[in-house]
Each structure stands twice: as structure tokens, then as C-alpha cells.
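The values are calculated or read from the model by the stated rules, or taken from the named source; none is laboratory data. Everything quoted here is computed from the prediction, not taken from an experiment. Positions of Cβ are generated from backbone atoms using ideal geometry, with glycine treated the same way; all protein chains shown enter the neighbour counts.
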Amino acid sequence: MSDLGWLGAAEIAAAYAARRLSPVELVRELLERVEAHDPRLNAFIRLDADGVLQEAREAERELRAGRRRGPLHGVPVAVKDIIDVAGEPTTCHSKVMEGHVARQDAGVIARLREAGAILFGKTALHEFAIGGPAFDLPFPPARNPWNAAHHPGGSSSGSGAALAAGMVPLALGTDTGGSIRNPAAACGIVGLKPTYGRVSRSGVFPLSFTLDHVGPMTRSVTDAALSLQAMAGHDPRDASSARTEVGDYRSALEQGARGLRVGFVRHFHEEEQQASPEVARALDEAAALLRREGAQVRDVRLPPLAHFTWPQRVLFHAEAWAVHSRWLAERPADYAGISRRKLLPGAYLGAGDYVHAQQKRAEMIEAVHRALTDVDVLLTVNSMETPCRIEDADEAARTYARHARSPFNLTGHPAIALMCGLSAAGLPLSLQLVGRPFDEATLLRAARAYERATPWHRLRAPGL
Amino acid sequence: MSAPIKAQPEPLANAALAAVAAQFPGDLKVAQATALALQGGPAQPSAPAQEPWPPMQVPR
């Protein structure tokens, strides 16, 4: 196999433009990589090789004829299997959805098609994006390319694994409590949760109406910017979709850290939860590096982590219960045990719980807005530790809530995860940057400034 | 916000809980413990329910 599997979307587009690469050549290589590695990693639930090759041939014909559909023309993108692609099953990684075939494309898929992307299979997830690594489902759980005995994070597990294994240059994830940024952390890639309302959720199976987001997963910040540019925009089919103008996410990317004001939120991982020493050290080093690159870095305090996680969990359980209660009554055995245990708490929460959680949410949105008046971005911990062993259910339960991702599902602020080190055990470490609503351009600029000054995004999982 | 667990869940909840209780009683206990931990959680709103109703403040 060649190194084509490690090309990013922007590099692929440039190679097509220079006629150094063809979509068919690239797709053949990626399919070979899937064939070689996916029996061990289980990143894909469904991949129609013939269909993908057909799309690649069509893209090749069009590009040769000088007809470029958009910035992702001929670029393969893997799709979390909770997102509808017309004519294909959407399994949500669940027996419950057996026989379901999507009638139309999700809003985000329609935009990716307009940009010329090749849809490259459906990826594994935690059941309905709520469960956890489970072995009692119709499909096996995805595994971590850095060490297949470990969890690849979730719930967008297969998207993270596919990227970290060089099987695809772009993937879609969804994020209700961190489900883009968790696999980004575990797999050492980039995961962007855009502002609430920035990317359409139409045709995406809901988990929590208040908290759900859709976003890109990539191996570089540049590709995150490129793909967000293609995905973002108003969709009348999604009631939560914002009408705010889509920014230019690429023009400021290379402006560097000089002049950026970064607020370092230490108390999440030093006071309310304790990050592992390796994670804490990597965050300190990231803050120091940004300072060396010209950013003004200072400590910032937000409300305590629990003030975010409590309302986030109440809303999450209550809204997920609203989605799943009928199926739980009629066919509880069709869910994985871990999913049932996470869905049922909503049955016991009252209307008052829900209302108070929404009130608290409004307070927390204001608190983060205030913090972002004096700084441009926030730097926070992502996961408190490296991913656990996938078959150790107790360890998975202990570690799964140890993170600082869900606060920004609650508040809707954009947040990006990127690799910031490698543990002694050879597993990725990750940080999180948070920006102002709809100011993904500044967020991406800060992330790129960090990325280009560090070697982490160039590392590959061993044996791949 | 320290209301006890609802004594009489809605009919659909009753049906779901009965179905799960019959087949997976352990899951029900875990779910109850999770809900109990959330009720009376550590991060209540700083003021009681207000009038006028607080805006959702979804960033748009």
C-alpha cells in the first residue's frame, strides 16, 4: 500500500487539480486499506465498494472535463451511521433500526454532495449515540487504531477509527455530550463541534434536541475548516438551524497565534476533576507553546464543571427518553444493556427537573459568553485520561464521564479537539479549544496555530 | 429541586419500566440510581422560576 491513505482533503483536492492523482486511484487505495485493517478495527458498518468506485469514476470524468463541483469534489467522506443517506439503511448501530432505509439525504449529506464529496460508507457508533462500547449488538464495536485493545472513544467511534487508520480523509460525527471530541481525543485526530445551529441536523437520528450537533472529523485543522465550509449553512428542514451568515473559515487559518487572547481554564482538570499527570502536563505545555507563538495566555475561571454537567445530563436523559420510550416499552431486549441503562433514567425525571435544567442552561450560556468577552478562545482539558481498555466495562464506566466536553453542548459554543501529545503507553492525548458562537474562524485559527507548531498531527498509529 | 422520584410515571413510562423490570431488573436499578443522583443535583438554578420566562438564549 502507498501513502495515499494519509493524504488530507485539502492535499487531495490540490493533487486532483494538478492531475497528480485521480479519484479512482485514491478510492482503490482506501478500499485496500479498509480490507487490510477493518477486520481488526470494525470502523465500518457498511461500505459498498462498487458504489464508491462508481462515484469515483464519475468524479474522475467530471474533473477531467474541467467541471469541478466544489471544494470536496472527489474527496471521500465516511458517514456516522446515524445520518441518513438516501436509499441506504441507517442502522444507528442498533437492532431496533433493522429494516429502516432512508428516503432522503440528511441536510449535511446534501451539502457534501453539492461540494462534490464521495460518500465512503457508514461508520460504527455507540448504539443511537448514547450507549458505550457494547458486545450485544448486531455489529461489533469499533476499536482504537493506536491499540486495538482500547476504546476509540464514542459515540462517533468508527469515524475516529477510520481516520486514525488512514482509511478515509474526512468523516462525519455527531456530538451531544462530546461524541465528536471524544473519539478525536482517543484516536489522536481533529474533531470540531460547530456552534449549535451551524450545521443542519435534518435527517440525523435525534438523541437530544437541545444538545445535538453535527460536525467534521479530520486529521488536520485545515481539513476541518475546508469541510465545515462545505457543511455549514441554514437548512429549512431543521428548526434549530441558524440563519447566521456562514463565515470564511480558511482565510485566517495561517495568521498564527500572535495577538490571540487565550483563556486557560485549569480548574476543570485541577480542582473539580483531576486529570492524569500526563494530560495535565500536556495542557501546561500547550499553554506555554501558544504563549511562545505570540498569544496572550491567562487563567480564566468558568462556573464549576458540575454546574454544566448537571443540566446537560438532565436534558440529555429527559430528551433521549422522549425519543426512545415507546421502543423501550415494546422491545427493550433489542437495545444493548448499556443503552437501556442510559435511556431509562429519563422516565424518573420530572417536568420540574427539565425546566430547572433549561434555566441553568441559560445561566451557563451567559457565563461562557462573559468569559469570552476578554479572551478570544478558551483552552481546556478534553479527556481527563487516555482511553480505557474496550472490554473492561468497569473502567469504561469510571472513565467515561471524566472530561470537559459536555459544557459546550449545553451552551452551544463551538469547540475543537486536537492531539497534544502521546502517553507513555502510546495513546493520544488531546486538548480542547472553545470559541465564541459562530466565530469558528478564530477558533480554527487558534487550533491551526497550535497544530503547525507541534508534531502531533503528523504521527501515525503503529503498524498503519 | 429535591422532588422525590415520581410515584406515578406517565402510562408509557409505566409500560416501558414494566417491560424492562420483567426482563432486565438490574438495568432498572441502575437507571433509578442515576435519576436519584440527578435530582437535587449540585448545580441548581441560582433563582427560582422567574417571570417573565427566561429566554432560551440559543446562540444564533
Tell me the residue from A:G87, A:G66 that is at pLDDT 95 or above and more than 29 Å from A:I338 (Cα to Cα), please. A:G87
Could you list, in sequence order, all residues of the stretch A:318-333 that are more than 7 Å from chain B (Cβ to nearest Cβ) and in a helix (DSSP H, G or I)? A:A318, A:E319, A:A320, A:W321, A:A322, A:V323, A:H324, A:W327, A:E330
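Conditions tested, residue by residue: (1) surrounded by fewer than 23 Cβ atoms within 10 Å (Cβ to Cβ); (2) over 30 Å from A:D84 (Cβ atoms); (3) at pLDDT 95 or above; (4) within 23 Å of the chain's Cα centre (by Cα).
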{"residue": "A:S227", "(1), (2), (3), (4)": "no, no, yes, yes"}
{"residue": "A:D248", "(1), (2), (3), (4)": "yes, no, yes, yes"}
{"residue": "A:R258", "(1), (2), (3), (4)": "yes, yes, yes, no"}
{"residue": "A:S276", "(1), (2), (3), (4)": "yes, yes, yes, yes"}
{"residue": "A:V279", "(1), (2), (3), (4)": "no, yes, yes, yes"}
{"residue": "A:T309", "(1), (2), (3), (4)": "no, yes, yes, yes"}
Output the residue which, of all residues in the stretch B:1-16 that are within 14 Å of the chain's Cα centre (by Cα) and at the interface with chain A (Cβ under 7 Å from one of its Cβ atoms), is modelled with the lowest pLDDT. B:M1
Taking the stretch A:27-51 as the search range and keeping residues that are aliphatic (A, V, I, L, M) and in contact with a Pro (Cβ under 7 Å, 6 or more places away or on another chain), which one is farthest from A:A161 (Cα to Cα)? A:V27
Listed by range, helices (runs of 4 or more DSSP H) wholly within the stretch A:148-258 having at least 1 residues that are closer than 26 Å to A:T380 by Cα and charged (D, E, K, R) are A:181-187, A:221-231
Which residue is surrounded by the most Cβ atoms within 10 Å (Cβ to Cβ), if the candidates are limited to the stretch A:334-354 and must be under 29 Å from the mean Cα position of the chain (by Cα) and within 7 Å of chain B (Cβ to nearest Cβ)? A:L344
Given the conditions (1) farther than 18 Å from A:E451 by Cβ; (2) touching a residue at least 24 places away in the same chain (Cβ under 8 Å), report the number of the one that A:A225 does not fulfil. (1)
Residue count, the stretch A:92-115 (criterion: surrounded by 24 or more Cβ atoms within 10 Å (Cβ to Cβ), in a loop (DSSP other than H, G, I, E, B) and out of contact with any Phe, Trp or Tyr (no Cβ under 7 Å at 6 or more places or on another chain)): 1
